[in-house]
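Following: one structure in structure tokens, then a few remarks.
The values are calculated or read from the model by the stated rules, or taken from the named source; none is laboratory data. All values reported here derive from a predicted model rather than from experimental measurement. FYI the Cβ positions are ideal-geometry reconstructions off the backbone, even for glycines, and counts take in every protein chain you see. Surface accessibility is based on the protein's heavy atoms, side chains included, excluding ligands, DNA and RNA. Shrake-Rupley method; radii C 1.70, N 1.55, O 1.52, S 1.80 Å.
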Amino acid sequence: MNLHEYQAKELLKKYNVPVQEGIAVDTVMAAEEAYRQIKNETGNNFAVIKAQIHAGGRGKGKIEGSEQRGVAVAKSLENVTEIAKNILGGTLVTIQTGAAGKKVNKILVAQDVYYPGPNPVKEFYLSILLDRTSGKNVIMYSTEGGMDIEEVAHNTPEKIFKEFVQPGAPLQGFQARKIAFNLGLSGESFKNCVKFVTNLYNAYVGVDAAMLEINPLFKTSDDKIIAVDCKLSLDDNALIRHADLANLRDESEEDPTEVEAGHYNLNFVKLDGNVGCMVNGAGLAMATMDMIKLSGGEPANFLDVGGSANAQTVEAGFRIILKDPKVKAILINIFGGIVRCDRVAQGVIDAYKSIGEIKIPIIVRLQGTNAEEAKKLIDESGLTVQSAILLSEAAELVNKAVSA
Amino acid sequence: MSVLVNKNSKVIVQGFTGTEGTFHATQMIEYGTQVVGGVTPGKGGQTHLDRPIFNTVADAVKATGANVSIIFVPPAFAADAVLEAADAGIELVICITEGIPVQDMVKVKSFIKGTKTRLIGPNCPGVITAGECKVGIMPGFIFKQGNIGIVSKSGTLTYEAADQVAKAGLGITTAIGIGGDPIIGTTTKEAVELLMNDPETHGIVMIGEIGGGMEAEAARWIKENGTKPVVGFIAGQTAPPGRRMGHAGAIVGGADDTAAAKMKIMSECGIHVVASPADIGKTMAEALAGKK
């Protein structure tokens with residue numbers, strides 16, 4: 001589950017991780033009020049307005065139909081009003097959103113961190129994530145902050161440092177110091193960095209994060225170390241022990257059909273193709289998508305109906321897939337083990353009848369326990385459903401359906 | 001011969017009296033697996049399915065000599081169940097539970113390193129040695145006895161492969177469902193290595209998914225050490241990057257963990273890679289006959 005920047009920063013503050021302060025708002029008036037408050041506190045006329053969407057590249061991205069960037073510096077109240085009007089309710093298109101962009105419902109009015117002071121400012125990069133190979137959490141960091149880190153990793157891999165953390169233990173003092181030294185810090189900023197990374201690691205573990213990225217990690221002109229941006233995604237499996245965090249989910253950021261599928265406990269991912277599919281098991285579901293492609297179609301979705309492929313789940317699956325007008329055929333691929341195929345077949349027939357007429361070809365491939373009986377049920381149902389037992393037969397039927 | 005489990009394996013069920021535990025324990029007993037008891041804290045001393053219930057794994061091991069445990073404990077408590085089994089000296093722990101928080105598995109993986117316990121899973125269908133012993137949730141009848149080993153991250157895709165292998169006139173020694181989570185106890189390479197060293201196994205089906213580097217690691221090991229034909233398939237050729245496809249571990253993170261990248265490395269290492277899951281059985285039969 002992904003969080004917004006403003007939500008992530010609130011969480012970090014609970015772990016005593018300093019952040020660029022700001023106020024999240026959803027109206028222009030509230031933005032103006034937030035600006036006044038921040039100006040009062042900082043004595044600085046400058047503020048930063050940041051669109052809150054679940055995608056990166058906001059600073060370079062533009063609001064559809066205008067030249068307004070998704071992150072902009074405001075120099076005055078009038079400026080705040082203008083930028084907030086431009087961004088709120090607009091659709092932000094960035095390199096990560098795709099051409100459709102994402103609607104902006106909230107903006108973060110944040111303090112300007114480039115205020116003048118005795119020392120130069122610096123931008124770093126730091127992220128914490130799971131290293132699947134070693135089975136440990138790893139802190140990745142670089143002196144090259146504020147940039148696309150994948151580019152840095154590709155062009156100058158020697159500028160990326162990694163610190164692996166012993167499972168079950170906190171980040172050790174020597175590790176935190178090593179990070180601060182490698183970032184070239186000394187004096188007050190060194191001490192602040194040690195505290196920052198120690199607390200940040202506690203936050204990562206404390207909220208059961210799947211990934212926590214601070215880019216840029218910022219040294220201010222008065223040697224504070226703060227998180228200017230924060231990308232945080234949580235481990236969905238761990239939400240069972242974080243009811244408060246589960247409430248932070250913003251469904252408006254997700255595909256509406258995926259949200260609906262979730263309400264039926266269906267594991268659904270919307271894709272762009274013309275053949276829908278309904279499968280039991282995640283691996284077989286992916287394999288079925290691959291087979292659709294090899295048969296000349298393009299998968300329209302991933303859908304794992306799990307172990308209970310009954311009439312209700314099949315019907316919900318049908319309805320969700322049929323919402324997409326691009327879908328030219330639907331392939332149901334069930335390998336019956338514990339689930340008996342004849343029961344699934346009956347579920348398909350009942351669901352089909354309950355929906356009424358379905359105007360596109362339905363191909364049902366049932367294999368495993370009672371597969372023959374299931375095929376008979378489908379074939380004798382009088383419905384325009386094509387049946388198959390072997391995967392290769394199903395592939396041929398898909399090919400016919402998409403080339404028709 | 002076979003690997004991991006056989007007719008002499010003494011199995012206990014953690015989460016014995018729950019719905020899942022009861023259903024699958026019954027199925028395992030029917031298959032012929034020696035289920036010697038189960039663990040449900042607080043119900044020690046009672047019996048279930050005509051087998052004794054124990055409060056702790058340690059008690060169960062002491063009383064029954066169990067050397068294998070299968071776990072059906074809910075996700076919030078499953079990591080603890082694995083640790084308890086390892087602490088009690090169980091040699092093989094098979095964790096079926098899906099949805100364990102990944103930080104729990106980080107700790108478990110670190111804890112069991114250096115113990116004599118091997119963990120299979122979590123989020124897996126279990127292990128079956130055809131005709132002898134089923135410690136898992138797979139439909140036993142699909143796994144005909146024979147000489148092909150299967151290593152797979154996916155449950156139903158394992159059944160698909162076993163079924164195709166049977167239709168090609170072959171059968172299974174042991175099928176190992178290693179699980180679809182980002183952190184699992186036994187890696188693809190380790191499972192392949194077990195089967196490669198098993199004299200009864202003449203060929204290996206290796207089924208992977210997008211995400212992580214385990215298939216590439218296994219492929220490189222096979223290139224150096226392989227003595228039997230390996231047929232490989234990677235699910236998720238059409239999966240978009242950055243999206244989790246059902247399994248917690250099935251997510252493309254970079255250029256190296258796409259299906260295409262994995263299939264390329266596997267081919268380079270001499271594995272018979274199939275693009276379609278429909279070709280697994282046929283390709284294995286051809287590879288064994290020396291036609292590939």
- [ ] Please specify each residue of the stretch B:86-138 satisfying the condition of being over 20 Å from B:GLU190 (Cα atoms) and hydroxyl-bearing (Ser, Thr, Tyr).
- [x] B:THR97
TODO: Those residues that are within 13 Å of chain A (Cβ to nearest Cβ) and over 18 Å from the mean Cα position of the chain (by Cα), I need them from the stretch B:221-236; list them, please.
DONE: B:GLY236
Task: Only one of A:LEU377, A:LEU383 that is farther than 20 Å from A:GLY283 by Cβ, in the same structural domain as A:GLY306 (by TED's automatic domain parsing), of a type in the set (A, V, I, L, M) and modelled with pLDDT of 90 or more - done: A:LEU377
TODO: For the stretch A:133-146, indicate whether the set of residues that are within 11 Å of chain B (Cβ to nearest Cβ) and among the basic types (Lys, Arg) is non-empty.
DONE: yes
Open item on the list: Suppose the filter is open to solvent by 30 Å² or more (accessible area, probe 1.4 Å) and part of a helix (DSSP H, G or I); does A:LEU239 pass it?
Closed with: yes
- [ ] Give me the pairs, please: first residue somewhere in the stretch A:261-282 and more than 11 Å from every other protein chain (Cβ to nearest Cβ), second residue anywhere and assigned to a strand (DSSP E or B) and surrounded by fewer than 22 Cβ atoms within 10 Å (Cβ to Cβ), beta-carbon distance under 8 Å, and either six or more positions apart or on two chains.
- [x] A:ALA261/A:ASN267
Task: Close pairs (7 angstrom Cβ cut-off, 6 or more residues apart or separate chains): at positive phi in the stretch A:97-115, open to solvent by 60 Å² or more (accessible area, probe 1.4 Å) anywhere - done: A:GLY101/A:GLU64
Open item on the list: Give me the residue from the stretch A:357-371 that is open to solvent by 30 Å² or more (accessible area, probe 1.4 Å) and at pLDDT below 90 and, out of that set, farthest from A:ASN274 (Cα to Cα).
Closed with: A:ASN370
Open item on the list: Step by step: first the residues of the stretch B:264-292, then only those that are assigned to a loop (DSSP other than H, G, I, E, B) and open to solvent by 30 Å² or more (accessible area, probe 1.4 Å), then the one that is nearest to the other protein chains (Cβ to nearest Cβ). Which residue is that?
Closed with: B:ALA275
TODO: Return only the number of the condition from (1) surrounded by fewer than 19 Cβ atoms within 10 Å (Cβ to Cβ); (2) at negative phi that A:GLY184 does not satisfy.
DONE: (2)
TODO: Return yes when A:ASN192 is surrounded by fewer than 20 Cβ atoms within 10 Å (Cβ to Cβ), over 20 Å from the mean Cα position of the chain (by Cα) and away from chain B (no Cβ under 14 Å) and no when it is not.
DONE: yes
Open item on the list: Out of the residues in the stretch B:204-243 meeting the condition of being acidic (Asp, Glu) and crowded, with 24+ Cβ neighbours inside 10 Å, tell me which one is farthest from B:THR158 (Cα to Cα).
Closed with: B:GLU215
Task: Which listed residue, of B:VAL73, B:VAL151, B:VAL106, is part of a helix (DSSP H, G or I), aliphatic (A, V, I, L, M), in contact (Cβ under 8 Å) with a residue 40 or more places away in the chain and within 14 Å of chain A (Cβ to nearest Cβ) - done: B:VAL106
Open item on the list: Test of understanding: among B:ALA175, B:ALA261, which residue is open to solvent by less than 40 Å² (accessible area, probe 1.4 Å), more than 11 Å from chain A (Cβ to nearest Cβ) and more than 16 Å from A:THR133 (Cβ to Cβ)?
Closed with: B:ALA175
Task: Scope the stretch A:80-101; condition modelled with pLDDT under 95 and surrounded by 16 or more Cβ atoms within 10 Å (Cβ to Cβ); matching residues - done: A:THR94, A:THR97, A:GLY101
Task: Counted residues, the stretch B:211-250 - those being in contact (Cβ under 8 Å) with a residue 12 or more places away in the chain and under 18 Å from B:CYS269 (Cβ atoms) - done: 22
Open item on the list: Every residue in the stretch A:194-213 that is at negative phi and of a type in the set (D, E, K, R), please.
Closed with: A:LYS195, A:GLU213
- [ ] Grab the strands (runs of 3 or more DSSP E) fully contained in the stretch B:1-69, keeping just those with 1 or more residues being closer than 19 Å to B:ILE128 by Cα, open to solvent by 10 Å² or more (accessible area, probe 1.4 Å) and of a type in the set (A, V, I, L, M).
- [x] B:34-39
- [ ] Would you be able to tell me the number of residues in the stretch B:131-148 that are more than 9 Å from chain A (Cβ to nearest Cβ) and either assigned to a strand (DSSP E or B) or touching a Pro at 6+ places or on another chain (Cβ under 7 Å) (or both)?
- [x] 8
